[in-house]
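The next block holds one structure in the form of structure tokens; read it before the comments.
Nothing in this text is a laboratory measurement; each read-out follows from the coordinates by a stated rule. Since the structure is predicted, the reported quantities are computational estimates derived from the model, not experimental observations. Quick reminder, even Gly has a Cβ in these numbers, built from the backbone with ideal geometry, and neighbours come from all protein chains shown.
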Amino acid sequence: MTEPKFDPEMDMIREEVSVIRLDMLRWSQQEFADALGIARTTVARWETGALPLTRVHALAIRQLLAIEKKRRAAKAKAQNSPLAGRGREGLRKR
């Protein structure tokens, strides 16, 4: 039987679930769980160390962060657009 490979990125995610959830996403445990399609208690158990984070879930969290980063960037870009706040009027040619 082979020993599992050490993956520092996985360990970082394992240790930082609550930081990612609270500081980066500013989501409740329930919102985070819903986005990942898991139970809220699973998130709570990850954060307390009662349940190890699986590679599948670590990758899902990484993907969730990437999607959320793109969504927030698009939202910020839209808010800074010269057409922002004009409603339908902003779409008409002048």
*asked:* If each residue of separation counts as 0.36 nm, what is the full-extension length gain between Met24 and Ala66 once their alpha-carbon separation is subtracted?
replied: 14.0 nm
_Give me the extension gain from Glu15 to Asn80: residue separation times 0.36 nm, minus the current Cα-Cα distance, reported in nm with one decimal._
19.9 nm
_Leading residue at positive end of dipole, the stretch 8-79 (Cβ point charges), from Phe32, Leu51, Ala74_ = Ala74
